[in-house]
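The values are calculated or read from the model by the stated rules, or taken from the named source; none is laboratory data. Computed from a predicted structure; not experimentally measured. Glycine gets a Cβ as well: all are built from the backbone with ideal geometry, and neighbour counts include every protein chain shown. To get the accessible areas, we keep the full protein, side chains included, count just its heavy atoms, and leave off ligands, DNA and RNA. Shrake-Rupley method; radii C 1.70, N 1.55, O 1.52, S 1.80 Å.
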Amino acid sequence: MKRYAVHRTASAPASRTIASVALAITVTAFAAKRFGYIDADVFVLSLLFAACVALLALLAACVAFQRIWSKGGPGVPAALTGVFLGLAALFPPAVVVGMLITSGGVNDIATNPVDPPELKTQALAEQQPFLNWTTDLLREKAFPLLSELSPQAAFQGLEPDRRAVDIVPRRYRIAPGQLHVAGAKALENLNWTIVDELPPDLLDAATRLQAEGETRVLGLKFDVALRIRPDTVGALLDVRSRSRTSLRDLSTNAGQIRTVFDEIDRVLLETYGNLARLSVEEGEEEEDLPPVVLEDQREVIPLPGFKPYFEDGETTDPEASDLPDLEG
């Protein structure tokens with residue numbers, strides 16, 4: 001019995017091998033960025049290189065399918081494996097690029113945008129030139145296209161933090177020094193490192209805190225500043241959150257501020273019980289808030305109801321007064 005030669009395509013196993021390399025590069029880049037072994041520029045370059053390798057694997061798989069369809073032979077499982085691994089390696093770079101497109105440059109947000117809390121450490125733009133160039137390029141090319149396709153989706157994607165109406169200053173019915181201690185405890189519970197602090201020298205003096213944190217997935221560093229000042233009802237708290245890179249993670253700057261507020265509320269609830277808190281709405285003046293009268297338990301000397309003597313030129317007519325004239 002005569003046997004015919006079976007056609008075997010080399011594109012199928014090559015697609016599987018190339019896709020495996022692309023997936024390995026992607027996983028290694030994520031692990032290295034999460035544990036701080038590479039910076040943002042190297043991370044983005046690694047993902048772009050992995051994406052190019054994954055596209056090459058998908059192209060090899062398409063060539064393998066075409067040859068198997070026309071000439072027959074084995075190789076379908078290897079080509080399918082190459083497609084699956086290539087898509088798996090291509091998904092993380094696509095997500096990162098999509099987050100860069102929809103970030104809108106909102107890397108700094110504060111409860112008081114007019115007078116935000118001060119941040120001592122400044123991230124230099126020169127530390128990530130390639131990432132900054134990529135972000136600017138995506139904004140110039142991708143943003144107009146996204147706006148044309150769906151203006152509403154573009155607004156929701158480009159300005160996610162600017163629409164956070166709940167990111168406003170908050171007032172607490174305690175002294176600034178007590179709120180400072182609660183803020184420091186909240187930052188400690190969040191495992192954020194306090195890098196700068198202005199401790200209270202008096203109970204009602206203005207204070208500040210600055211902490212450094214990392215996101216959970218990529219380990220991106222961000223700075224959070226808390227500014228506490230005396231207020232009519234007790235203490236006024238302003239919070240500012242700023243990312244050091246334009247990369248996005250699952251959490252945003254607005255989410256970091258909400259996390260700080262929630263943790264401070266939890267610390268105050270454990271310490272003082274049900275503590276009433278007032279939120280400062282946008283456009284609300286301090287005069288609109290009802291004043292809180294704090295009772296002083298100490299004994300004080302009452303002020304006299306009249307002046308014991310008169311200055312020159314301010315004497316009154318003795319006849320117009322019911323008091324007797326002591327001067328005759």
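Observations on the structure shown:
- In the range 216-236, the residues that are under 16 Å from ASP39 (Cα atoms), of a type in the set (A, V, I, L, M, F, W, C) and surrounded by fewer than 23 Cβ atoms within 10 Å (Cβ to Cβ): VAL217, LEU218, LEU220
- Failed item in (1) assigned to a helix (DSSP H, G or I); (2) modelled with pLDDT of 90 or more; (3) surrounded by fewer than 19 Cβ atoms within 10 Å (Cβ to Cβ), with ALA89 passing the rest: (3)
- Among (1) surrounded by fewer than 19 Cβ atoms within 10 Å (Cβ to Cβ); (2) within 24 Å of VAL97 (Cβ to Cβ) - the single one GLY273 does not satisfy: (2)
- Among the residues of the range 163-173, at least one is modelled with pLDDT under 80, open to solvent by 40 Å² or more (accessible area, probe 1.4 Å) and either over 27 Å from LEU55 (Cβ atoms) or more than 22 Å from the chain's Cα centre (by Cα) (or both).
- Of the listed requirements (1) at pLDDT 95 or above; (2) buried (at least 22 other Cβ atoms within 10 Å of the Cβ), VAL44 misses just one: (1).
- Filtering THR81, THR9, THR17, THR28 for residues that are within 30 Å of LYS221 (Cα to Cα), out of contact with any Phe, Trp or Tyr (no Cβ under 7 Å at 6 or more places or on another chain) and among the β-branched types (Val, Ile, Thr) leaves a single hit, THR28.
- In the range 106-150, the residues that are modelled with pLDDT under 75, within 29 Å of VAL195 (Cβ to Cβ), in a loop (DSSP other than H, G, I, E, B) and open to solvent by 30 Å² or more (accessible area, probe 1.4 Å): THR121, GLN122, ALA123, LEU124
- Residue match in the range 258-269 (condition: β-branched (Val, Ile, Thr), part of a loop (DSSP other than H, G, I, E, B), at pLDDT below 95 and out of contact with any strand residue (DSSP E or B) (no Cβ under 6 Å at 6 or more places or on another chain)): no
- Odd one out for THR9, checked against (1) assigned to a loop (DSSP other than H, G, I, E, B); (2) surrounded by fewer than 17 Cβ atoms within 10 Å (Cβ to Cβ): (2)
- Note on the range 183-201: residues that are open to solvent by 10 Å² or more (accessible area, probe 1.4 Å), in contact with a helix residue (DSSP H, G or I) (Cβ under 7 Å, 6 or more places away or on another chain) and aliphatic (A, V, I, L, M) amount to 2.
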